[in-house]
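Colleague: There's a structure below that I have some questions on.
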Amino acid sequence: MVSMGQAKGLCFRGALLSGPISSKGGIAFVVLHRDIYWLGKQWAVTGYGIQAVDKKLDMKFDIEVGRLSEEGLADAMRSESWFDADDFNEALEIARRLAREKPTTFQQIWGDEK
């Protein structure tokens, strides 16, 4: 889980974690599952799986835990100018390890929670 220091500036709204987080370009907004286990520059490992932290991406690149074992997960994003492959690969490695070692880390989604 993210420590209080790492979560500074984030706020809880119901089941979603949504709020400002510092970035090089100023303030970015994130909408993530409430359980955050690793937070990179662009990607987070959450109770959902792997999620892009940039709200502008509208959650369309988020990867559910059930898909973590699939090969080529980054293929569709490699041509995107914003994509940080190193950050994604680190998130994928951490998420896969958590799924193997502690499968209960990832929780079923309820209602509008992601």
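Colleague: Taking the residues in segment 70-82 that are out of contact with any Leu (no Cβ under 7 Å at 6 or more places or on another chain) and under 19 Å from TYR48 (Cβ atoms) as candidates, determine which candidate is surrounded by the fewest Cβ atoms within 10 Å (Cβ to Cβ).
Modeller: GLU70
Colleague: Please go through segment 33-53 and pick out each residue that is free of Cβ contacts under 8 Å to residues at least 40 places away in the same chain, closer than 21 Å to THR104 by Cβ and of a type in the set (A, V, I, L, M, F, W, C).
Modeller: Answer for segment 33-53, where residues must be free of Cβ contacts under 8 Å to residues at least 40 places away in the same chain, closer than 21 Å to THR104 by Cβ and of a type in the set (A, V, I, L, M, F, W, C): ILE36, LEU39.
Colleague: Moving on to the next point. Considering only residues of segment 54-90 that are modelled with pLDDT under 90 and either outside any helix (DSSP H, G or I) or farther than 25 Å from THR105 by Cα (or both), which is farthest from the chain's Cα centre (by Cα)?
Modeller: Ranking the candidates gives ALA76 first.
Colleague: What number of residues within segment 52-84 are on the phi > 0 side of the Ramachandran plot and of a type outside the set (A, V, I, L, M)?
Modeller: Qualifying residue count for the region: 2.
Colleague: Among (1) in a loop (DSSP other than H, G, I, E, B); (2) at pLDDT below 90, which single condition is LEU32 missing?
Modeller: (1)
Colleague: Please determine whether any residue of segment 91-107 is at pLDDT below 90, touching a Gly at 6+ places or on another chain (Cβ under 8 Å) and not in a helix (DSSP H, G or I).
Modeller: Looking for residues that are at pLDDT below 90, touching a Gly at 6+ places or on another chain (Cβ under 8 Å) and not in a helix (DSSP H, G or I), one finds at least one in segment 91-107, hence yes.
The values are calculated or read from the model by the stated rules, or taken from the named source; none is laboratory data. In this text the structure is predicted, and so the values were computed from the model without any measurement. Methodologically, a virtual Cβ is constructed for each residue, glycine included, from the backbone with ideal geometry; neighbour enumeration extends over all protein chains shown.
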